[in-house]
Every structure is written in C-alpha cells, then in structure tokens.
1. If you check L251 against the conditions, is it farther than 26 Å from N302 by Cα, open to solvent by 10 Å² or more (accessible area, probe 1.4 Å) and not charged (D, E, K, R)?
2. Of the residues Y195, Y212, Y163, Y199, only one is near the ligand (Cβ under 10 Å from one of its atoms) and either assigned to a helix (DSSP H, G or I) or open to solvent by less than 30 Å² (accessible area, probe 1.4 Å) (or both); which?
3. Quick test for you: out of E306, E275, E336, pick the one residue that is surrounded by 15 or more Cβ atoms within 10 Å (Cβ to Cβ), assigned by TED's automatic domain parsing to the domain that holds A168 and acidic (D, E).
4. Looking at region 69-84, is at least one residue of a type in the set (S, T, Y), open to solvent by less than 20 Å² (accessible area, probe 1.4 Å), within 14 Å of the ligand (Cβ to nearest atom) and outside any helix (DSSP H, G or I)?
5. In the set L218, L231, which member is in a helix (DSSP H, G or I) and open to solvent by 70 Å² or more (accessible area, probe 1.4 Å)?
6. Anything in region 132-160 that is of a type outside the set (G, A, S) and more than 16 Å from the ligand (Cβ to nearest atom)? List them, or say none.
7. Within region 168-192, take every residue that is part of a strand (DSSP E or B) and more than 11 Å from the ligand (Cβ to nearest atom) and give me the one that is surrounded by the most Cβ atoms within 10 Å (Cβ to Cβ).
Amino acid sequence: MVETQVVTDSSLFGQIAEHQHEQVVFCHDHETGLRAIIGIHNTVLGPALGGTRMWHYASDAEALNDVLRLSRGMTYKAAISGLNLGGGKAVIIGDVGMKTEALLRKFGRFVQNLNGKYITAEDVNMTTRDMEFIRMETKHVSGLPESMGGSGDPSPVTAYGTYVGMKAAAKRAFGSDSLAGKRIAVQGMGHVGTYLLEYLQKEGAQLIVSDYYEDRALDAANRFGAQMVGLNEIYDQDVDIYSPCALGATLNDDTIPRLKCQVVAGCANNQLANENIHGPELVRRGIVYAPDFLINAGGLINVYSEVVGGNREAALIQTEKIYDITTQVLNKAEQEGSHPQAAATRQAEERIAAIGKVKSTY
Ligand code: NAD
C-alpha cells in the first residue's frame, strides 16, 4: 500500500523515499542546455503517464519538489478512475525562450530510453509543436492533437467528468441529482469552465461566473445567460454549488467561512489549500466536497483512450463512471468518519494494493 511517511530526511533519497517514488531520472545535455527531471511515482497499475511542464524554477530543489508532488498526484488520479496507468510527470527547467528543436528532441530521447515506463504529454508551457519534436524521438507521447492521430483537446471530457461528479455530489446534498434551478457559481472561464457551463445551462441551472480576464467572464455571461461577478465576490454568492475551475488552493481559511453553498465541485487541481485542515472543515460545515483529482480525471481518461487505442466515445463512457465513483467515495467518507478527499485517496491506495497482489504471480 502507498503510505505517506513523515518527512525526516531532506536528502535527495530522503525526498524520493518520502512518497515512495520508484524512479527519478535526471536528464542533462551540455550541447542544448537541457536540464530535466522525470518523476516516476508508481507503476503497479501500468506505465507512468503525465505531462511535461517547462518552468523557470528558482532552484533545482523546487523543480524536484514539483515533479515529485505532481507525479504522485497522477498515480492517485489514474488509480481512482480505474485506469491501468501509473503516475509520472516531467519538468524541464528553464524559460520557454530556451526551447529549441534540439533541446526538445534530446528530451524525447531520454523519454525513449525509459522504454515506455513513462509516457509523456503536454503540460504548462508546452505546445503541440513542442510535442511534435518530442514525438520525433519517442513514441511514448500521448495527448496529441487529432490531426496527428491523437485524442485531441481533453477539456470537453474533463468538463463532462466534472459535471457528472457535481451531479453525484448534488444527489448527496439535495437528495436529487437534478441541477435544474440550482444556483451555481463557476470560477474560471477557461477551456474546461466554458464546456462545463454548456452542460449546466442545458440542465437549467442559474449561473454566476467570474474570470481573471473580465472579457472572458463577460463573453460567458452573454453566451450562457449568467450573472458576472468580480474575482473576490465569487466566494460570497448565495449559491447551492461553488465550482472552482481556475486555480488551486481556493478552499482556504479565508474563503471557506464565506461560502454559502452546500456542494463544492470543480475541475481545478489541488483545491484544498491544506487537505488535512480544509477537508474536515468542509465536512464540519455540512458542505459536500467532490474530490478534485477524481472529478477532473476526464482529461486523463481521454489520453488513456489514446494509449489503449480507444476513441472519444469510449472515453466519455468511462468518464461517466465518475458519477458512481464519487457516490462510493462520499459513502466511504461518511462510513469512515473522514472527509471525501481522504476517502478518495484511500480508495486509490486500496486499488493499487489489490492489483499489486494480482500481479504478484507470473
Ligand atoms: P485555462 O487556463 O483554460 O482556464 C483557466 C481560467 O481561469 C482562465 O480563463 C483564467 O483567466 C482564469 N483565472 C485565473 N485566475 C483566476 C481567478 N483568480 N479567478 C477567476 N478566474 C481566474 O485552464 P483549463 O484547462 O480550463 O483548466 C482549469 C483548471 O482545471 C486548472 O486548474 C487545470 O489544472 C485543471 N484541469 C484541467 C484539465 C483539462 O483537461 N484542461 C484537466 C484536469 C484539471
């Protein structure tokens, strides 16, 4: 079973051991200036899949911390969704201005050398063009555009998973999963947020929206007949459901006391500023929380369909299961007297442990 240990050792291997990573690969190339780290957290269920992000980290330690944290998150997302995938992630250290064809292809060769143990994809600051270069050196690339034979934009599938997860949470809170007439505040009118609004509008919800860019919020308000509110006002709305679809850590000491909703369900990653504090705090306030890494797994499910030779329809069918899994997790949290994020994490760990035993004989 995957267990979180208390940090006692800040050495390199101490950090790698903290969350039981299997392998961490440091990639260096003098000619191109490539400095990258590939984190492979757990491959019990299958190859480690997760995107490559490029970031100007302040230090190597910060880059390592990011790749370890992100790759671990991928293990849980895949496991809870019933996918036969492990968790991995890669970071390329540096500014986007450093990107060259040679640097990206060199990185692709490092991915290739792992022989499929790690499958990469697009992430922050990586473009489709960049992935094309990486793909020239390795076939272990997923999430490519449809024009390149890939599964295309994952956002509509992520939005669908968020929508069904929201409905399962609504069923728990209101006794019915109908969103008709429900007042829903959606924060973030990006790729996923706008697709989510389509589902919510179709079902007859009353929508409130905000975005960092006022024109995006205004567009969405016009398109979906929503009310637009300011960035900070979104937390004070008299709504049934709050849907964080922008940034992480929006459930924190400042915002939670302001929420009037009975459900929180959105696609943003890492919504709880501190899982151990804010997970229980939502339960204490009677707010049903749909775990983020579970209900935003549609994008990963879409990429998985590319890995196993499926299609968008198969991905949507698999994504629909998020409804039942959310229900199971909410039941489990109640039975265990814990909070949904903890229950979801445990459910993921239990699957990894059980399937690990299945694989223990030849
Ligand atoms: P995006 O960049 O397209 O959209 C994010 C939107 O949030 C932008 O319009 C941005 O202006 C807005 N925003 C930023 N700060 C804000 C603030 N303080 N208040 C209101 N709006 C703000 O991103 P996306 O692809 O739609 O993803 C949204 C979230 O979902 C991210 O946290 C992402 O990590 C997560 N996620 C996305 C996918 C996917 O398939 N795209 C999958 C899983 C998780």
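The values are calculated or read from the model by the stated rules, or taken from the named source; none is laboratory data. Please read these numbers as outputs of a predicted model, since none were measured by experiment. Using ideal geometry, Cβ is built from the backbone for each residue, glycine included, and neighbour counts are taken over all protein chains shown. Side chains are part of the model used for accessible areas, which takes the heavy atoms of the whole protein and leaves out ligands, DNA and RNA. Shrake-Rupley method; radii C 1.70, N 1.55, O 1.52, S 1.80 Å.
1. Working: farther than 26 Å from N302 by Cα: yes; open to solvent by 10 Å² or more (accessible area, probe 1.4 Å): no; not charged (D, E, K, R): yes.
No: the conditions fail for L251.
2. Numbers: Y212 fails: either assigned to a helix (DSSP H, G or I) or open to solvent by less than 30 Å² (accessible area, probe 1.4 Å) (or both); Y163 fails: near the ligand (Cβ under 10 Å from one of its atoms); Y199 fails: near the ligand (Cβ under 10 Å from one of its atoms).
One residue alone meets the criteria, Y195.
3. On the way: E306 fails: assigned by TED's automatic domain parsing to the domain that holds A168; E336 fails: surrounded by 15 or more Cβ atoms within 10 Å (Cβ to Cβ).
The conditions single out E275.
4. Pass one, region 69-84, residues of a type in the set (S, T, Y): 71, 75-76, 81.
Remaining after also requiring open to solvent by less than 20 Å² (accessible area, probe 1.4 Å): 71, 75-76, 81.
Now restrict to residues that are within 14 Å of the ligand (Cβ to nearest atom): 76, 81.
Next, from what is left, pick out any that are outside any helix (DSSP H, G or I): 81.
Yes, region 69-84 has at least one match.
5. L218
6. Going through region 132-160, the residues of a type outside the set (G, A, S) turn out to be 132-141, 144-146, 148, 153-154, 156-158, 160.
Within region 132-160, E132, F133, I134, R135, M136, E137, T138, K139, H140, V141, M148 qualify.
7. Taking region 168-192 and keeping what is part of a strand (DSSP E or B), we get 183-187.
Keeping just the survivors that are more than 11 Å from the ligand (Cβ to nearest atom) gives 183-184.
Values: R183: 18, I184: 28.
So, considering only residues that are part of a strand (DSSP E or B) and more than 11 Å from the ligand (Cβ to nearest atom), the one surrounded by the most Cβ atoms within 10 Å (Cβ to Cβ) is I184.
The rows are residues; the columns are (1) part of a helix (DSSP H, G or I); (2) touching a helix residue (DSSP H, G or I) at 6+ places or on another chain (Cβ under 8 Å); (3) touching a residue at least 12 places away in the same chain (Cβ under 8 Å).
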residue	(1), (2), (3)
I317	yes, no, no
T326	yes, yes, yes
A353	yes, no, yes
K357	yes, no, no
S360	no, no, no
